[in-house]
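None of the figures in this text is laboratory data; all of them are computed from the coordinates on show. These figures come from a predicted structure and were not determined experimentally. Note: ideal-geometry Cβ built from the backbone for every residue, glycine included; neighbour counts use all protein chains shown.
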């Protein structure tokens, strides 16, 4: 198993914690209830990347359905959002066999989460604070909230070196048991907002 396969096989929980080898943690950003983090290889010149393709071994049907050979709605939406973002940033999509500069891979999961909300005087909110109801008690009680969280992980892989160059992770509370169209675009756009790493971000974490 090569290094690229090992990176892509890691569970989402480890990805959220960040990479331990050669990658440095960047700042956290939140947008419309999405928490996004990213790691990247500091030795990479991201300006040199001009072409990209989907990782050839990318597994489709992220929603866990029994069918194979076609993409789920979530897959289609993630791919559409990533394609539009990279195109806007000047990267050109090419075929897998056309020697792209980078491969793009992604993974998605929906998990059960629990948030403990504090009591008076601050109250509490489930997952990143706002938009899902006030949970505080007037006399200092506490309350546990159960909710669904959707996590999207996007990897940018250096095609020549076959090593991970950048990883972005986004997570948001969901209204239902699956990621809706609006939520999918919201999470992906927030994650891709951290790519490519800027010179300011690279200097800030040294």
Per the rule of 0.36 nm per residue minus the C-alpha distance, extending residue 175 to residue 113 adds in nm 21.0 nm
Contour minus Cα-Cα span, residue 89 to residue 143, at 0.36 nm per residue, comes to 15.1 nm
For the pair residue 97 and residue 76, the simple spin-label estimate (label points 7 Å beyond Cα toward Cβ) gives in nm 2.7 nm
